[in-house]
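Please read the structure below before turning to the comments.
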Amino acid sequence: MPPIPTLDRLHLERIVTLARPGEIHVIVAPPGSGKSTLLREVIAKRTPTLERVAWATPTITQDDSLGAEAQEHFNSLKVTATRPRARNSTPTLSDAAFAAQFTWGGAAEVKVISHIRVRHAFGPTAHPAQVLQQAQLLVIDEDPAAPLLLSSHHAQQPIRLDKLSHHLPALSRELMIIADIAEQHALFHRFQTLTGTATGAGVQGDVFWKASGRAGAELTEANIVRALSALGVADATVVAQTFMHDLGAYHHDPARPSERFGIDWPKSLSSEEATLRYNILPPLTFRQPVLILDAYASQGHYEALFPGQSVTLHHFDPGRLLDVQCAPQLRLHELREHTNVQVQGRKQIAEEISELARTRAPQQQLLLTPKRLREPHSSWHRYLTDALAVQKLALGSEVHLGHWLSGRGNNTHSGRDVLALTPPLLNRRHIQYTLTGLYPYDPSTREQAAAHLLSAEALQMLHRGRQHLHSAPRPLVVLALGEADARQLLEPHKDAVNFSPYPPLKHFKRYSKNPRWFDALQALARELRTHFPHGLPSSLLRGLPIHTGKDMFTPATRLLLEDLSRSQAVTTHLHQAFHNPGTWVYRDVKPSGSSHGNEMEREAMLALGFEKFNVTGHGRSGKGRVVYAHNLTSAESAWADYYSRLPVTSATMKLP
C-alpha cells in the first residue's frame, strides 16, 4: 500500500481543484491537525475566482463557536465572511431582513452557517436560505448527520394522535387502538434514565404499519400533506411522501418494515400523550462540490447520509497514537449519588484531581462529565471546588470543566490534561429513533453505527488537549474506565489508541465503604512522622480521632497527641483533627480501624515507606506491639520513644 500522506495545503488544493459539482469529499485527519485552518487558507488564496462559499459548522451563535472562529479567520485573511443569525437569536428581525442575510453580495464572500441550515438551504422545502444554493463550494466542518434529519421531536408542535383525528380520523383511530393495547400490555420499548426513571416509550415496525394499512382509502399523499400542514409541520410534503413510500414498501415486503415512523410517548404512558413519530433524511441537492472535515469518518456512514451521490474519503496521516490512561477508580457513578459511600468516593476523586493539578502545575486540566455535573448547584461541583481550595487552586484557573457532546473541533484546551470522569453515553432515542433516518430497515446496522458514533465522540473529546501536538510536557489523557471497557468503547478506532493504567496519587480501594479513611490516616501519619522519626507504633495511631482501635495506652496516647497537636500550625491536619474538626477536610470521614494492625492501616504505612514489625511491649500480657518502621532496630527505638513520652495515667502507672 502507498504511504498515507501528511495533511498539507498542497493536498487540499488538489482536492478542491478536482472536486466536481455534487461530489462529496471527506477529509479524514486527526483533531487539531489543521484541517479547517488549512482549507480556509486555500479558499482565501482562490478568491476572487471562488466568489461564493458556504461554510457550515455545528453552531455559530456563541463567540467561542466554530462558526465564530471561521468568520474571524476568514476576515483575518481579507475574505468577507458573515454569519446569518437564527430567528430565535434575533427576535426583532423582520422577515425581509432575515432573508437578506443569505443574499450574496457583489464581492467574494463566505456565508458561515450552522449544520441545520444546510438542510434548509439544500433541502426540498422552501426557505430563505435556499439562495445559498448559488455557492460554488460547500464546506461542512464536523459530521452533520443529526441536523440534516427531519425529526418530529424537533417540530414546533408534536403530532398528537388525538389531534390527528380531526384530519385523518381513520389513521388516528387505528393508531390509538395500537397505543391502548401497547399501554395495557407493555408492548413497547421503554426509555429510562440510569436511575430507572421512565422518560418515554415507543412502538414501531410491523405493528405500526399493520395498523396504518387498516386506515384504507383515507391514506393518500395529498390527505397526509393537508393534515400535517394543518398541524404545523413545515416539511409536510417530504413526511407524507416518505410515509406513503414506507407503507408501500411494507405491503411489498412485510418481513422488512421501515422504522422511520412509529408511535412515541415523549413522557407519560397515556393515550392523550401518544404522538406520531418520524425521523427522515430529506433529499438534498448539491450543485457544487461538498467538502466535509471529519476526523473519524467512515465510508458507510457518509454513503447512508448522501445516498446515490459520489462519496470519496481522503485519509491523511493520523500521527502519533493517543496515549490513554485507564482509571476506573476515577469514575463518577451516577447511581445512589447521595449515599455516604458515593459522597466519600466523589470527594476522594476530587482530592485526587486537586493533588494531580498541584503536582502537574503549571499544566492545567480539563474534566469531562455529563453536563449536569458541571453545573454550579451540583454536589460534585462543590466537592471539587473545596478540594481545589485546599491546594490553593480554582475552577476556571487551573482546572476547567467540560461536558460530553460539546466543543468538537475547538482548540481552546490545547496543551491541557484531559480527564474523562464518566464514559460518554449515546441516548437510546438516538439509536432507536434518530438513526432510523439513515438506516430505516436494519436494527443491527443502527447498533453498529451507534458504536462508531460513540467511539468517534469519545476520541474527539479525549483529543481536546491536542496531546499529539505537545511533547514537553505531554498532556495526559485519562479515561475513567478499566482497560477492557475502554477497549470496548473505542473498538471501532482501536488502532488510533495506546492504553496503559493510570497511577493514582491517592489510595483507592475497590468496594470500600469508607474510601477516604486511608487518605485521612496517611495525612495525619505524615505529620506524626516528623515527631516520631524512628517509626509509628500502632498504639500511637489509635490515639487519632479517626481510629476506632483501642488498647490500654489509648487514653494516654490521646492526651499526648492533643498536647502535641496544640503546638502545630492551625493549618496542619493534626491541629484541625483535634482542635478544629469542623473545618478539617476529612471531617466527614467515618472513624475506622478497630482491629489491631488492620489491613488499611498497614497499607497506609506501607505507602509511607514503613514495614510492619512486632516488638516486645509493656503490660502483663507480654504481647508484642505492632510498630511501623524501616527495620526492626528502628521499630524498637520507635516504641521506646513513644512509650517514654506517654503522660502518666492510671493505666500507665500499672505497667511494670
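The values are calculated or read from the model by the stated rules, or taken from the named source; none is laboratory data. What you see is a predicted model; the values in this text were computed from it and never measured. Glycine gets a Cβ as well: all are built from the backbone with ideal geometry, and neighbour counts include every protein chain shown. Accessible surface is based on the protein model in full, side chains and every heavy atom, while ligands, DNA and RNA are left aside. Shrake-Rupley method; radii C 1.70, N 1.55, O 1.52, S 1.80 Å.
Remark: for residue pairs LYS35/LYS494; LYS163/LYS267; LYS267/LYS513, the C-alpha separation exceeds 28 Å in LYS267/LYS513. Reducing region 497-562 and region 564-591 to their Cα centroids gives an inter-centroid distance of 13 Å.
Across the options ALA486, SER444, THR422, the greatest Cα extent toward the positive end of the charge dipole of region 403-490 (unit charges at beta carbon of Lys, Arg, Asp, Glu) belongs to THR422.
Close amide H partners of ASP323, meaning residues 5 or more places away or on another chain with modelled amide H under 5 Å apart, are ASN498.
Between amide H atoms placed 1.01 Å from N, distances below 5 Å from LEU168 occur with no residue 5 or more places distant or on a separate chain. When GLU375, GLU142 are compared by accessible area of protein heavy atoms, the largest-first order is GLU375, GLU142, using a 1.4 Å probe. Projecting the Cα atoms of LEU77, ALA129, HIS115 onto the charge dipole of region 64-157 (Cβ charges, centred on the Cα centre) puts ALA129 farthest toward the positive pole.
The HN-Hα couplings worked out from phi for region 112-129 by the Karplus form 6.51 cos²θ - 1.76 cosθ + 1.60 (θ = phi - 60°) are 8, 10, 7, 4, 5, 6, 4, 5, 5, 7, 10, x, x, 8, 4, 7, x, 6 Hz, whole numbers, x standing for Gly and Pro. For region 380-473, the list of trypsin sites (Lys or Arg not before Pro) that fall in a loop by DSSP and count at most 16 other C-beta atoms within 10 angstrom reads LYS392. A 1.4 Å probe over all protein chains sorts SER354, SER310 by accessible area into SER310, SER354, starting with the largest. Computed on the chain, with alpha-carbon pairs under 8 angstrom and 6+ residues apart, the relative contact order is 13 percent.
Based on C-alpha pairs under 8 angstrom that are at least 6 apart in sequence, region 346-404 has a relative contact order of 48 percent.
Per residue, region 1-128 exposes 48 Å² of solvent-accessible protein surface, assessed with a 1.4 angstrom probe and all protein chains in place.
Across region 211-225, computed HN-Hα scalar couplings (Karplus, 6.51 cos²θ - 1.76 cosθ + 1.60, θ = phi - 60°) run 5, 4, x, 6, 6, x, 5, 4, 7, 10, 4, 5, 5, 5, 4 Hz from first to last residue, x flagging Gly and Pro.
With both labels modelled 7 Å from their Cα along Cα-to-Cβ, the LYS590 to HIS252 distance reads 6.5 nm.
Helix 35-46 and the long axis of the chain differ in direction by around 40°, with both axes built from C-alpha atoms.
Placing unit charges on the Cβ atoms only, positive for Lys and Arg and negative for Asp and Glu, gives region 133-183 a dipole magnitude near 300 debye about its Cα centre.
The residues of region 270-313 expose, per residue, 32 Å² of accessible area to a 1.4 Å probe. The long axis of helix 443-462 is offset from the longest Cα principal axis of the chain by roughly 60 degrees. The HN-Hα couplings worked out from phi for region 547-555 by the Karplus form 6.51 cos²θ - 1.76 cosθ + 1.60 (θ = phi - 60°) are 9, 8, x, 9, 8, 5, 8, 4, x Hz, whole numbers, x standing for Gly and Pro. Close amide H pairs (under 5 Å, H built 1.01 Å from N) link VAL139 with ALA54, TRP55, ALA56, LEU291, residues at least 5 positions away or on another chain. Over region 236-300, what relative contact order in percent results from Cα pairs under 8 Å that are six or more residues apart? Computed over region 236-300, the figure is 23 percent.
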